Amino acid sequence: MDTNAFWALVEDTRAEALEAAPDSVVEQHVETLTEALEELSDDEVRAFYRQLMAVRARANTWDLWAAAYLALGGASDDSFLDFRNWLISHGRDTYERVLASPDELADLEWDEDENDFGAAEAWAYAPLEVLEERGFDEEEMDPGPEDVDDQFGEPTGEPFPEDDDEWFARRFPRLWARYGEA
């Protein structure tokens, strides 16, 4: 599965989720993605997971973390991982737009009551759960070392000043206008 096939699967299963449950899209997307992965071969599921790890690693930047930190009122390393899964689940165009300019996050909505970020964590586990259901053990499910450190390790770029409101207001004017004073 190449990058284009990965994004097509993400976007197709998101469209199905939007149609089935427009009020709880992320949670429904876990189901639609799982169903689609169940139709694939073991190698294709592993390849999907490798692509997921690669795009998640690419999104591991201090700039994106700062935007998430501002919008969410804080973001630990675990919640930033869930945030990246959530962003990826929106599809390629949204992912690329927000990665290029994290202030674009101001255009997106999430539902904390629906636990969108917790559901995004489950969404990212879908390929591993499919393989586990097929009887693979954890070592067999691991698609390899590529990009693993990048998705969990130190983000790229410069760390952000957590307590500098002026920095956030300058760096992310749209997000600051929406979330900064809260």
### Filter pass, Ala54 being farther than 21 Å from Thr3 by Cβ, in contact with a Phe, Trp or Tyr (Cβ under 9 Å, 6 or more places away or on another chain) and not charged (D, E, K, R)
no
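Select from segment 4-35 the residues that are small (Gly, Ala, Ser) and within 18 Å of the chain's Cα centre (by Cα) and list them in ascending order. Explain how you work it out, then say what you get.
Step one: filter segment 4-35 for residues small (Gly, Ala, Ser), giving 5, 8, 15, 17, 20-21, 24.
Ala5, Ala8, Ala15, Ala17, Ser24, listed by residue number.
Sort out which residues of segment 154-169 are among the hydrophobic types (A, V, I, L, M, F, W, C), out of contact with any Pro (no Cβ under 8 Å at 6 or more places or on another chain) and part of a helix (DSSP H, G or I), and write them in order of number.
First pass over segment 154-169, keeping only residues among the hydrophobic types (A, V, I, L, M, F, W, C): 160, 167-169.
Still in the list and also out of contact with any Pro (no Cβ under 8 Å at 6 or more places or on another chain): 160, 168-169.
Correct list: Phe168, Ala169.
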### Query
Would segment 67-86 turn up any residue that is modelled with pLDDT of 95 or more and among the basic types (Lys, Arg)?
yes
### Message
Suppose we keep only residues that are surrounded by fewer than 21 Cβ atoms within 10 Å (Cβ to Cβ) and without any contact (Cβ under 8 Å) to a residue 40 or more places away in the chain within segment 30-39. Which one would you say is nearest to Ala5 (Cα to Cα)?
### Response
Ala36
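Which of the residues belonging to segment 14-45 are among the polar types (S, T, N, Q) and farther than 19 Å from Glu109 by Cα? Explain how you work it out, then say what you get.
Of all residues in segment 14-45, those among the polar types (S, T, N, Q) come to 24, 28, 32, 34, 41.
Passing the criteria: Thr32, Thr34, Ser41.
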### Message
Please go through segment 45-66 and give me each residue that is out of contact with any strand residue (DSSP E or B) (no Cβ under 7 Å at 6 or more places or on another chain) and of a type outside the set (A, V, I, L, M, F, W, C), ordered by number.
### Response
Arg46, Tyr49, Arg50, Gln51, Arg56, Arg58, Asp63
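The values are calculated or read from the model by the stated rules, or taken from the named source; none is laboratory data. Please read all numbers here as calculations on a predicted model, not as lab measurements. Cβ coordinates were reconstructed from backbone atoms using ideal geometry, including for glycine residues, and neighbour counts include every protein chain displayed.
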